[in-house]
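The values are calculated or read from the model by the stated rules, or taken from the named source; none is laboratory data. Predicted model, so just to flag it, every value in this text is computed and none were measured. Glycine also receives a Cβ, built like all others from the backbone with ideal geometry; neighbour counts cover every protein chain displayed. All accessible areas refer to the heavy atoms of the entire protein, side chains included, with ligands and DNA or RNA removed. Shrake-Rupley method; radii C 1.70, N 1.55, O 1.52, S 1.80 Å.
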Amino acid sequence: MMKYLYFALYLFGIALTSTTSTTLNAYLEERERLITEEKRERIGSNLVLTEKELQVNGIFMDERKKTIKSAIFNNTIFPPALNFFKTKHLIDESLIFQMISKMPKGGALHTHSTSLVSTDWLVQNITYRPNCYMCRTFDDKYRFRFFEVAPFNPECPWESIAALRRESVNVAEFDKSLYDKFSVVINDPEIQHVTVNDVWDDFKEAFTMIDGLIQHTPVFIDYIEQAMEEFLQDNVQYLEIRADLPMLYNLDGSKYSRSYCMAIYQRQLRKFKLRHPGFSGFKIIVAGDRYLPRSAIWADLQLAETLNHYYPELMAGYDLVFQEGRGNPHLFYINELLAVNNLSYFFHSGETNWQGTSIDNNLVDAILLNTTRIGHGFAISKHPAILQATKERGIAIEVNPISNQVLHLVHDLRNHPAAMLISQNYPVVISSDDPAVWDATPLSHDFYETFMALCGQNDDIRVLKQLALNSLKYSVMSPEDKERAIALWHQHWAVFLDEVLAMTSSI
Ligand SMILES: [Zn+2]
């Protein structure tokens with residue numbers, strides 16, 4: 001009897017094993033199917049890599065895996081998880097950053113005219129020029145300006161920077177104090193920059209000081225050229241610049257009209273392109289200040305329309321800038337914005353964590369006002385209808401990872417909402433917003449953070465390649481210029497692959 005029982009159990013055991021293995025196989029197949037389906041949705045998944053690209057890809061993937069593994073098991077710092085101010089030195093030392101620096105990144109479509117040039121250049125070049133003055137107000141604010149003869153100014157007495165530097169005990173320390181003024185970088189951002197408003201206050205102060213220097217006409221001319229030099233040096237071939245078009249001043253205090261900036265932009269661009277055939281150019285998006293009254297924005301819009309007429313190749317359109325949280329929402333200017341017929345919009349929208357507020361709803365107005373792209377769109381993951389519209393209408397979202405971290409929208413960049421946008425192939429471009437004031441390179445640091453944190457461990461260089469191509473695709477270059485720029489980019493990409501293989505061959 002027992003013999004039969006053992007036999008029955010034996011058979012049942014086999015049946016059980018066989019059923020389990022069938023179930024497990026089906027489970028694993030279904031699992032693989034889901035993973036593959038998700039992979040197909042990601043940015044860059046349609047690209048097919050060449051043999052050489054696969055080699056370079058292997059280097060990128062291995063390096064990132066090593067960094068992630070070390071962070072998980074050895075508790076080493078994963079740079080994107082901490083404030084950029086604290087991790088820049090680690091990023092700079094990494095092979096991934098060094099490779100990304102060499103990568104042709106296409107265009108930077110979200111930049112601002114007051115933060116295009118490194119702070120080092122402002123200090124070492126601009127403040128060393130003759131006739132440069134600074135003053136300190138009673139409430140401890142600094143201002144900078146060029147004068148033939150500095151006027152009497154009891155509220156903020158002007159002092160020659162050359163004289164102050166001469167009289168300083170330590171010139172390097174004096175220069176460092178200037179550098180600190182033009183930058184928002186601090187050692188303890190968690191303590192000094194507790195809220196978004198704290199950073200923005202520092203940020204606006206830095207711009208006011210920088211403005212006093214770069215609005216001096218000869219400085220402005222050199223500044224534009226230096227900006228193109230620095231972006232090209234960082235392998236960025238094209239820019240779209242939000243520009244406030246200030247009234248440039250001369251040593252005697254006389255000023256030009258705002259449109260004179262455009263003449264300088266155009267002249268400097270033409271000269272630069274003659275010397276640098278690898279540069280595809282830039283375009284200007286006139287940036288209105290969202291703190292201004294409606295009448296001032298109306299005047300601004302009319303100026304932009306006029307400039308559109310006189311500088312059709314240089315002008316891209318119009319945007320409202322400065323802190324969305326404390327400034328006026330798009331809706332405040334709705335009559336003025338609707339009354340304009342001949343201007344493309346590029347609205348900063350949804351640069352906030354405050355869901356359901358007027359800042360958040362700027363995204364809705366941006367779409368209704370037919371924006372060409374969305375600046376930041378940090379809040380967009382909470383707006384399914386807006387998300388759908390971006391995909392259907394090809395409205396690119398300009399993601400600026402370091403800006404969002406420095407301005408306290410997200411601490412750990414792995415939690416940045418653009419990770420979702422990348423996972424579902426939304427029209428995304430990576431840009432840098434105001435890289436100079438937080439001491440970032442023109443675009444490489446933002447691409448580093450994107451590859452390390454906004455992408456997953458299994459995303460490969462196809463994402464980087466597609467993001468670079470997106471920046472040209474979603475630019476507002478003419479179709480012919482775009483085609484030329486993309487052809488040029490492919491040449492740069494081929495050089496980049498060889499450079500990476502050469503630099504890593506000895507490792
Ligand atoms: Zn911006």
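Taking 0.36 nm per residue of sequence separation and removing the Cα-Cα distance, the residue 41/residue 229 pair yields an extension gain of 64.0 nm.
Of the whole protein surface, residue 267 contributes about 110 Å² of accessible area at a 1.4 Å probe radius.
Suppose we keep just the DSSP beta bridges with both residues in the chain; what percent of those would be antiparallel, to 5?
Values: 8 of 35 bridges.
In the chain, approximately 25 percent of DSSP beta bridges are antiparallel ones.
Phi-derived couplings, Karplus 6.51 cos²θ - 1.76 cosθ + 1.60 at θ = phi - 60°, listed residue by residue for segment 78-86: 9, x, x, 7, 10, 3, 3, 4, 8 Hz, with x used for Gly and Pro. Please tell me which of these pairs span more than 26 angstrom C-alpha to C-alpha: 273/465; 39/391; 52/105; 273/473; 86/273; 39/88? Flagged as over cut-off: 86/273; 39/88. Residues whose amide H comes within less than 5 Å of that of residue 424, counting only those at least five positions distant or on another chain, are 43 (H built at 1.01 Å from N in the peptide plane).
Charged side chains reduced to their Cβ positions (Lys and Arg at +1, Asp and Glu at -1) give segment 24-144 a dipole of some 440 debye around its Cα centre. Residue 195 sits with roughly 60 Å² accessible to a 1.4 Å probe, with DNA, RNA and ligands left out of the calculation. What is segment 402-481 by shape, rounded, prolate or oblate, if you read a ≥ b ≥ c off the alpha carbon gyration tensor as root eigenvalues and call it rounded for a/c under 1.5, prolate for a/b larger than b/c, and oblate otherwise? Oblate, since a/c reaches 1.5 and b/c is not below a/b. Once both labels are positioned 7 Å from their Cα atoms along Cα-to-Cβ, the gap between residue 487 and residue 335 label points is 5.0 nm.
Dipole of the chain computed with +1 at Lys/Arg Cβ and -1 at Asp/Glu Cβ about the Cα centre; of 54, 369, 280, farthest Cα towards the positive end is 54. Each residue of segment 256-265 was assigned a 3J(HN,Hα) from its phi angle through the Karplus expression (A = 6.51, B = -1.76, C = 1.60, θ = phi - 60°), giving 9, 6, 4, 5, 4, 4, 5, 4, 5, 3 Hz with x at Gly and Pro.
Mind giving me the FRET efficiency for residue 266 and residue 506? R0 is 51 Å, r the Cβ-Cβ distance, nearest 0.05 is fine. Walk me through the numbers on the way to the answer.
Numbers: r = 46 Å, r/R0 = 0.89.
The computed FRET efficiency comes out at 0.65.
Lacking any other cysteine beta-carbon closer than 4.7 Å, the following Cys residues of the chain have no compatible partner: 132, 261, 455. Gain on full extension, evaluated as 0.36 nm per residue between residue 415 and residue 499 minus their Cα-Cα distance, stands at 27.0 nm. If you plug the beta carbon distance of residue 149 and residue 124 into 1/(1 + (r/R0)^6) with R0 = 30 Å, you get a FRET efficiency near 0.75.
Amide H to amide H distances under 5 Å link residue 133 with 145, 146, 147, 161, where only residues 5 or more positions off or on other chains count and H is placed in the peptide plane. Amide hydrogen proximity for residue 240: with H placed 1.01 Å from N in the peptide plane, the residues at 5 or more positions away or on another chain lying under 5 Å are 108, 109, 110, 111, 283. Does segment 267-425 come out rounded, prolate or oblate, given a ≥ b ≥ c as the square roots of the eigenvalues of its C-alpha gyration tensor, rounded meaning a/c under 1.5 and, failing that, prolate meaning a/b above b/c? Oblate. Using Cβ point charges alone (K and R +1, D and E -1), the dipole size of the chain about the Cα centre works out to roughly 960 debye. Note on segment 304-381 and segment 400-443: Cα centroid distance 19 Å, given to the nearest whole angstrom. Among the GluC sites (Glu not before Pro) in segment 151-199, those placed in a DSSP loop whose Cβ has at most 13 other Cβ atoms within 10 Å are 155. Take the chain with all the other protein chains still there, run a 1.4 Å probe, and you get 46 Å² of accessible area per residue.
Derived scalar couplings between HN and Hα for segment 428-434 equal 10, 10, 9, 9, 10, 6, 10 Hz in order, rounded to whole Hz, by the Karplus curve 6.51 cos²θ - 1.76 cosθ + 1.60 (θ = phi - 60°), x for Gly and Pro.
Please find the FRET efficiency linking residue 190 to residue 425, where r is the Cβ-Cβ separation and R0 is fixed at 22 Å, and quote it to the nearest 0.05. Intermediate results must be reported in sequence, preceding the final value.
Details: r = 35 Å, r/R0 = 1.59.
E between residue 190 and residue 425, to the nearest 0.05, is 0.05.
By a 1.4 Å probe calculation restricted to protein chains, residue 298 has an accessible surface near 90 Å², given to the nearest 10.
Quote to one decimal, in nm, the extra length available between residue 273 and residue 30 on full extension: 0.36 nm per residue of separation minus the C-alpha distance between them. Write down the numbers at each step before the final one.
Values: separation 243, 0.36 × 243 = 87.48 nm, distance 5.41 nm.
Result for the pair: 82.1 nm of gain on full extension.
Surface composition of the chain: carbon and sulfur atoms hold 55% of the protein heavy-atom accessible area at a 1.4 Å probe.
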